[in-house]
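**Student:** Following this message is one structure expressed as structure tokens.
The values are calculated or read from the model by the stated rules, or taken from the named source; none is laboratory data. All figures in this text were calculated on a predicted structure; none of them were measured in a lab. Cβ sites come from the backbone with ideal geometry, for glycine too, and all protein chains shown count toward neighbours.
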Amino acid sequence: MNFIGRKHSERRSIHRIYKYHQEHILYYWDELTEDEQKHLLEIAGAINFRKIKKYYKASKTERKPIDFSLLKPSDYITSQEKERREEFYKLGLHALKTGKVAFLTVAGGQASRLGIDLPKGCFGISPIKQKSLFQLFAEKIFFYSNLYAQSLKWFIMTSIDNHNATVDFFIQNNYFNLDKENIFFFKQGFNPTVTSESGDLILKTKSKLFMNPDGHGGILGALTSQGYISKMEHFGIEYVSYFQVDNPLINMADPYFIGCHIAEKSDISTKVIQKNFAEEKLGVAMQECKTKKHRIVEYSDIPQEIMRQTYENGSLYFKMGSTGIHIFSVPFIKKISSKLPIHIADKEIILPNLSNNAEQEKKIPVLKFETFVFDTIPLAKKAIFFETSRNEEFFPLKNKTGVDSIETCVEGQNNLYRSWLKDCGFEDTDKIERCEISPLFAPDRAVFLETAKKKLSSIKEMIYENDNIKKEIYIH
Ligand code: UTP
């Protein structure tokens with residue numbers, strides 16, 4: 001192997017590869033082009049080997065099970081809470097109208113369950129027009145920007161793997177008519193995926209390593225270290241409305257939720273829904289009995305018998321699941337920046353057959369190191385949970401088929417839009433097979449009902465044909 005003539009940073013990188021006994025990643029060195037060699041050393045140079053070694057060690061020693069006897073279900077502001085709704089609404093509306101709220105989408109995930117080559121946000125999911133998730137969000141933000149006469153800012157977190165494809169998608173679509181000055185794309189960090197057996201780095205190609213984005217919790221470090229918190233402060237943004245890229249139903253400018261966060265002086269607020277069944281794969285809202293700290297416990301950390309626990313009347317004990325929809329106060333994000341605990345996920349990967357020898361590709365167990373955004377909750381002075389309805393705003397796209405799939409996500413939208421029409425007094429809405437309401441016409445139910453008061457006859461024209469309700473309705 002010839003390392004002569006490499007620059008200082010590259011020599012440093014080579015030194016660390018050897019120091020941490022990872023020289024197997026240089027196995028194909030002599031077959032690589034100059035650019036590939038450079039790239040490999042650059043990536044290896046960005047790895048914090050000491051940290052990875054520490055995580056690996058922790059995977060062998062510290063994965064203690066949670067003591068659920070010390071936890072109880074968290075309190076939450078129920079959807080029945082009518083008394084303070086007026087107050088919440090006024091506060092939320094004021095924050096939106098005065099430009100104090102920005103939107104933040106986490107879109108750096110690998111979408112491995114959906115199994116597509118595109119970033120998930122580019123996936124077409126609306127029932128009729130097949131609008132992509134990004135387009136649906138963009139159109140909602142476009143509407144709200146006009147409604148509140150504000151240049152509402154949108155922050156989008158990507159990963160090293162999908163950043164360019166995401167930005168290109170926006171460019172090709174002319175930023176969906178939003179002002180590009182108001183959209184900020186930034187990359188989250190990454191960690192190497194390592195073998196479970198020895199904690200070693202793994203070659204994906206002769207010059208590339210298996211890497212994984214550092215989890216949605218990477219948002220905190222990325223926002224702070226890349227100067228976006230200062231930007232938010234500069235723009236006068238006090239609250240960040242956070243949502244995941246996979247949920248087309250998101251109501252990102254919900255004045256009640258934002259207002260409740262403000263009224264409660266919360267650092268982080270989370271929308272929760274009632275679980276559909278005990279084993280549903282949702283993080284669960286829990287409270288430490290002693291410290292009173294709230295937290296979300298990831299479903300994979302909850303044993304089945306705890307999930308299935310019920311009260312005497314048969315209702316679930318731990319019943320409120322997280323939607324991954326949050327409001328953050330900006331000073332809170334600034335304060336905690338990157339203090340989150342690491343989560344270790346056991347996964348499997350197919351080891352590529354790089355030497356083209358007779359051996360088959362084989363599956364090996366690996367470890368992924370990530371942080372989760374909801375681990376900010378116990379770090380907050382004040383954290384609240386706010387109940388919402390699943391039908392109203394939670395149909396995430398996770399899988400190709402089955403639960404949380406393309407089909408359920410499309411059906412969730414169909415049902416929601418049918419229900420908006422029903423609320424306007426239209427009958428026979430159950431006869432509509434496919435229904436879509438453009439966010440440019442109305443991005444949420446409240447706006448739709450308001451708009452319908454003025455445009456009822458034009459809506460009628462769009463949905464009836466010869467006095468019969470159409471099977472397919474697109475309102476725009
Ligand atoms: P998921 O936990 O559903 O993961 O992410 P995923 O990577 O999108 O999909 P799978 O598990 O590989 O099938 C929930 C949200 O968090 C974002 C995702 O983009 C999604 O919006 N996320 C997740 C990140 O932004 N970065 C990450 O490192 C992980």
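**Student:** Of everything in the range 155-182, what is of a type in the set (A, V, I, L, M), under 16 Å from Phe142 (Cα atoms) and within 16 Å of the ligand (Cβ to nearest atom)? Give them in sequence order.
**Tutor:** Across the range 155-182, the qualifying residue is only Ile156.
**Student:** Which residue pairs have Cβ atoms closer than 7 Å, lie 6 or more positions apart in sequence or on different chains, and pair a first residue in the range 229-252 that is modelled with pLDDT of 95 or more with a second residue that is in a loop (DSSP other than H, G, I, E, B) and within 12 Å of the ligand (Cβ to nearest atom)?
**Tutor:** Cβ pairs passing all conditions: Phe243/Ile250; Gln244/Pro396; Val245/Ala107; Asp246/Pro396; Asp246/Leu397; Asp246/Lys398; Asn247/Pro396.
**Student:** From the set of residues in the range 328-354 that are in a strand (DSSP E or B) and out of contact with any Asp or Glu (no Cβ under 9 Å at 6 or more places or on another chain), which is nearest to Phe374 (Cα to Cα)?
**Tutor:** Residues of the range 328-354 that are in a strand (DSSP E or B), as a first pass: 328-329, 343-351.
Those still in the list that are out of contact with any Asp or Glu (no Cβ under 9 Å at 6 or more places or on another chain) too: 346-349.
Details: Asp346: 20, Lys347: 21, Glu348: 25, Ile349: 27 Å.
My answer is Asp346.
**Student:** Let me ask something additional. Checking Gln110 against (1) touching a residue at least 24 places away in the same chain (Cβ under 8 Å); (2) part of a loop (DSSP other than H, G, I, E, B); (3) more than 16 Å from the ligand (Cβ to nearest atom), which test does it fail?
**Tutor:** Evaluating Gln110 over (1) touching a residue at least 24 places away in the same chain (Cβ under 8 Å); (2) part of a loop (DSSP other than H, G, I, E, B); (3) more than 16 Å from the ligand (Cβ to nearest atom) leaves (3) as the failure.
**Student:** So, in the range 226-240, of the ones that are within 16 Å of the ligand (Cβ to nearest atom) and not in a loop (DSSP other than H, G, I, E, B), which residue ends up nearest to Pro331 (Cα to Cα)?
**Tutor:** First pass over the range 226-240, keeping only residues within 16 Å of the ligand (Cβ to nearest atom): 226, 228, 240.
Among the residues that remain, those that are also not in a loop (DSSP other than H, G, I, E, B) are: 228, 240.
On the way: Tyr228: 12, Val240: 11 Å.
Among residues in the range 226-240 that are within 16 Å of the ligand (Cβ to nearest atom) and not in a loop (DSSP other than H, G, I, E, B), the one nearest to Pro331 (Cα to Cα) is Val240.
**Student:** Let me ask you something else. Can you name every residue in the range 367-396 that is in contact (Cβ under 8 Å) with a residue 40 or more places away in the chain, over 20 Å from Leu223 (Cβ atoms) and not basic (Lys, Arg)? I'd like the intermediate steps shown before the answer.
**Tutor:** Here is the first cut: in the range 367-396, the residues in contact (Cβ under 8 Å) with a residue 40 or more places away in the chain are 367-390, 392-396.
Of the ones still in play, those that are also over 20 Å from Leu223 (Cβ atoms) are 367-368, 382, 384-390, 392-396.
Hits for the range 367-396 are Leu367, Ile384, Phe385, Phe386, Glu387, Thr388, Ser389, Glu392, Glu393, Phe394, Phe395, Pro396.
**Student:** Would it be correct to say that Lys82 is more than 28 Å from Glu472 (Cα to Cα), more than 10 Å from the ligand (Cβ to nearest atom), basic (Lys, Arg) and buried (at least 16 other Cβ atoms within 10 Å of the Cβ)?
**Tutor:** Numbers: more than 28 Å from Glu472 (Cα to Cα): yes; more than 10 Å from the ligand (Cβ to nearest atom): yes; basic (Lys, Arg): yes; buried (at least 16 other Cβ atoms within 10 Å of the Cβ): no.
So Lys82 fails the test.
**Student:** Out of (1) within 16 Å of the ligand (Cβ to nearest atom); (2) at pLDDT 95 or above, what's the single condition that is false for Lys293?
**Tutor:** (1)
**Student:** Please work out which one of (1) touching a residue at least 12 places away in the same chain (Cβ under 8 Å); (2) under 24 Å from Glu393 (Cβ atoms); (3) loosely packed, with under 14 Cβ neighbours inside 10 Å is the condition Asp428 fails and give its number.
**Tutor:** Of (1) touching a residue at least 12 places away in the same chain (Cβ under 8 Å); (2) under 24 Å from Glu393 (Cβ atoms); (3) loosely packed, with under 14 Cβ neighbours inside 10 Å, only one is false for Asp428: (2).
**Student:** Inspect all residues belonging to the range 403-420 and state whether any of them is within 19 Å of the chain's Cα centre (by Cα), within 15 Å of the ligand (Cβ to nearest atom) and of a type in the set (Gly, Ala, Ser).
**Tutor:** Yes; the residues of the range 403-420 include at least one that is within 19 Å of the chain's Cα centre (by Cα), within 15 Å of the ligand (Cβ to nearest atom) and of a type in the set (Gly, Ala, Ser).
**Student:** Filter the range 323-370 down to residues that are polar (S, T, N, Q) and modelled with pLDDT under 95 and give me whichever is nearest to the ligand (Cβ to nearest atom). Explain how you work it out, then say what you get.
**Tutor:** As a first pass, look at the range 323-370 and keep what is polar (S, T, N, Q): 323, 329, 337-338, 353, 355-357, 360.
Now narrow it down to the ones that are modelled with pLDDT under 95: 337-338, 353, 355-357, 360.
Details: Ser337: 17, Ser338: 14, Asn353: 24, Ser355: 29, Asn356: 29, Asn357: 30, Gln360: 25 Å.
Ranking the candidates gives Ser338 first.
**Student:** Oh, and also: Being among the charged types (D, E, K, R) and assigned to a loop (DSSP other than H, G, I, E, B) is the filter; apply it to the range 422-476 and report the residue that is farthest from Arg85 (Cα to Cα). Walk me through it before giving the result.
**Tutor:** So the first thing to find is which residues in the range 422-476 are among the charged types (D, E, K, R), and the list is 422-423, 427-428, 430-431, 433-434, 436, 444-445, 450, 453-455, 460-461, 465, 467, 470-472.
If we keep only those that are assigned to a loop (DSSP other than H, G, I, E, B) too, we end up with 427-428, 433, 444, 467, 470-471.
Values: Glu427: 29, Asp428: 32, Glu433: 34, Asp444: 17, Asp467: 39, Lys470: 36, Lys471: 36 Å.
By that ranking, first place goes to Asp467.
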